[in-house]
């Protein structure tokens with residue numbers, strides 16, 4: 001059956017409540033770019049860049065494309081991120097650059113290296129992995145190793161229902177990175193599935209004077225670890241390194257996941273394929 005291409009809703013028709021739900025709620029610092037009635041222009045995106053970010057957004061116009069450079073090569077050579085205006089996909093790509101420039105830069109450097117090695121008309125397994133993560137990637141911080149066997153075997157009922165508290169108490173944390181995944185979240189009720197890189201952190205890392213995990217610090221450390229692993233060629237050498245993660249199972253991320261039956265019946269919870277295995281999580285400094 002032919003897969004239907006996703007078409008994002010037009011800006012004026014989006015239910016504003018979607019921006020208050022995960023995963024879009026986690027991008028609240030960009031509310032002015034997401035929820036304003038008018039589309040943010042290229043100048044506005046460039047004015048929002050973090051200090052020291054040399055790359056900049058450029059309108060994807062005929063004049064820009066006349067150089068005949070590959071999209072990734074243009075970023076590496078000139079710092080030009082070709083961006084379509086009035087386009088949700090490219091806006092979320094811009095937000096990923098604004099929040100995670102080191103991770104985006106690592107992906108770009110690897111893509112350019114693969115283009116140099118393979119030529120512009122062929123794609124390697126590594127390029128596919130890099131693209132999959134760029135579009136649908138999530139970074140998962142795992143602080144309870146007992147959860148991993150459930151994920152390895154696609155025991156989704158166990159991972160999301162029996163271990164429901166793990167998603168609430170900091171034993172497992174998710175940061176959505178992929179811009180296509182964020183675009184799909186504009187449509188309420190989507191059964192979103194991310195492609196995950198997993199980082200393990202020691203359970204002893206806590207907020208001072210608290211037993212709770214410092215979620216923000218852990219996520220930043222995990223994202224930095226992923227950027228390093230990608231940049232050094234230790235991660236994303238093959239698409240099979242990426243673990244599927246049905247985000248609809250995370251408490252509060254889908255309106256129906258408060259019901260146990262949802263975790264057994266929703267079509268996003270697929271069984272593991274025969275012979276499928278996943279690499280061990282990445283450990284910073286390991």
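Numbers at a glance
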| item | result |
| --- | --- |
| Taking region 28-99 and dividing mean pair separation by its residue count, relative contact order in percent (alpha carbons under 8 Å, at least six apart) | 33 percent |
| Helix axis angle, 125-136 relative to the chain longest principal axis, alpha carbon, degrees | 80 degrees |
| Rg to Rh quotient for region 1-158, alpha carbon positions, Kirkwood Rh | 1.00 |
| Label zone at residue 270, where the point sits 7 Å out along the Cα-to-Cβ direction: region 224-263 residues whose backbone N lies under 12 Å | 244-246 |
| Share of pairwise Cα separations in region 1-70, more than 16 Å, in percent | 67 percent |
| Inverse mean reciprocal Cα-Cα distance (Kirkwood Rh) of the chain, Å | 20.0 Å |
| Debye log10 I(q)/I(0) at q = 0.17 Å⁻¹ for region 28-99, Cα point scatterers | -0.61 |
| Pairwise Cα inverse-distance average, inverted: Kirkwood Rh of region 238-278 (Å) | 11.7 Å |
| Sorted peptide list for 131-141, 73-83, criterion being average Cβ within 10 angstrom, highest first | 131-141, 73-83 |
| Separation of the residue 11 and residue 283 label points, Cα + 7 Å toward Cβ, nm | 4.8 nm |
| Approximate shape of region 130-265 as ellipsoid semi-axes (Cα gyration tensor, √5λ), whole Å, largest first | 22, 20, 14 |
| Within the chain, helix-based [θ] at 222 nm, where runs of 4 or more DSSP H residues each add -39,500 (n - 2.57), nearest 500 | -9500 deg cm²/dmol |
| Angle between the chain longest axis and helix 215-231 axis [Cα atoms, degrees, rounded to 10] | 60 degrees |
| Approximate spin-label separation residue 21-residue 85, in nm, with each point projected 7 Å along Cα-to-Cβ | 3.2 nm |
| Inter-probe distance in nm under a simple model that places probes 7 Å from Cα toward Cβ, at residue 261 and residue 70 | 5.0 nm |
| Theoretical gain in end-to-end length, residue 232 to residue 42 [0.36 nm per residue, Cα-Cα removed] | 65.2 nm |
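Computed from the coordinates by the stated procedures, all read-outs in this text should not be read as laboratory data. Keep in mind the model is a prediction, meaning the values are calculated, not measured. Cβ sites come from the backbone with ideal geometry, for glycine too, and all protein chains shown count toward neighbours.
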